[in-house]
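Below is one structure, written out as structure tokens, with a few remarks after it.
The values are calculated or read from the model by the stated rules, or taken from the named source; none is laboratory data. Given the structure is predicted, the values throughout are model-derived calculations rather than measurements. Cβ: placed from backbone, ideal geometry, glycine included. Neighbour counts: every protein chain shown. Quick note on the areas: whole protein, heavy atoms, side chains included, nothing else; ligands and nucleic acids left out. Shrake-Rupley method; radii C 1.70, N 1.55, O 1.52, S 1.80 Å.
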Amino acid sequence: MLFAFSALLTAFYGLYQYLTGNIEAGWVDSEMFTGIVRIYSTFENPNVYGEYLLFMIPLTLMFFFTSRRFLYRLFWLGAGLAMVVAMLLTMSRGCWIGLAAGVFIYFLIADRRFLWLFLGAVVILPFVLPESIMFRLLSIGNLEDSSSLYRLFIWLGTFRMLGDYWLTGVGLGTKAFSGIYSAYAYNGIIAPHPHNLYLNVLSERGITGFLCLGFITMKSLKYSISSALSSRPEGKHMGAALTAAFTGILVQGMFDNVFYNYRIVLIFWLFTAMAFVFHNILKKSTEAGNG
């Protein structure tokens, strides 16, 4: 609940930035996107703020479905909508895709009746969203966008580098990556990280580190899904929220290095811990009930 309240405050601050224009520009291709403002709240970067919301929005869904009083449900509905609006205003296309995937997984696990509502929203939204958001969304994959082309060149250079360093990686941190990557860069583009979670882990830690992270992530997903299969409503919805959060951040990880910001790294491991702990709580509770 503390996580969710904190996220709501960041959403309010992000909306304040948007309404007052108290925000730095420069996060979009100015030649392709004109008049677009990207909020970042307290996170200094719109993509990082979007990644934070990928964890927090599923929590508001969980509180909405598990609250027993109408006023509480109304509050969490409003909080969730405020965070979704803030997510849209980050203009982070990868986070939008991650959020859609996470919400779909939430309803698939927790209550499939709402899948029709989700699919209906997907159909209706193109007709009601502002033109700037739709133009940004439809630009996904457009190589005329400098940010998309920038990522493509970095990925190609990283694959070249991994041909020599896939076993051990180049070491931790942006200085280690950029120092080695410069010899493999395409089109003279130098970057501090590969803008992809999976390529970043391989680059820093090699195949062993990549497999270790994969094992821990799969274990977390296993535990969160196991919690979601509980007959208890709080177990089902908490497990669905954790699974949705992991799904969203792993999808966004295909488009950006979500471990670049240490606050997101911290939240990732806190949610991993919650998946393990909540699974154990439900397991002990079930064993005690059977006993």
Write out, first by first residue and then by second, each pair whose Cβ atoms fall under 6 Å of each other, whose residues are 6+ apart or on separate chains, and whose first residue, in segment 152-177, is on the phi > 0 side of the Ramachandran plot while the second is open to solvent by 90 Å² or more (accessible area, probe 1.4 Å). Gly169/Arg205
Report, ordered by the first and then the second residue, all pairs with beta carbons closer than 8 Å, sequence separation of six or more or different chains, a first member in segment 193-213 that is farther than 17 Å from Gly157 by Cβ, and a second member that is of a type in the set (D, E, K, R) and not in a loop (DSSP other than H, G, I, E, B). Cys212/Arg205; Leu213/Arg205
Hits in segment 59-78 (condition: among the hydroxyl-bearing types (Ser, Thr, Tyr) and surrounded by fewer than 21 Cβ atoms within 10 Å (Cβ to Cβ)): Thr66, Ser67, Tyr72
Which of (1) open to solvent by 50 Å² or more (accessible area, probe 1.4 Å); (2) in a helix (DSSP H, G or I) is the odd one out, the single condition Thr272 does not satisfy? (1)
For Leu152, which of the numbered conditions (1) over 27 Å from Phe43 (Cβ atoms); (2) open to solvent by 30 Å² or more (accessible area, probe 1.4 Å) fails to hold? (1)
Sort out which residues of segment 46-56 are open to solvent by 10 Å² or more (accessible area, probe 1.4 Å) and in contact with a Gly (Cβ under 9 Å, 6 or more places away or on another chain), and write them in order of number. Asn47
Kindly list the number of the only condition in (1) under 30 Å from Leu9 (Cβ atoms); (2) outside any helix (DSSP H, G or I) that fails for Leu117. (2)
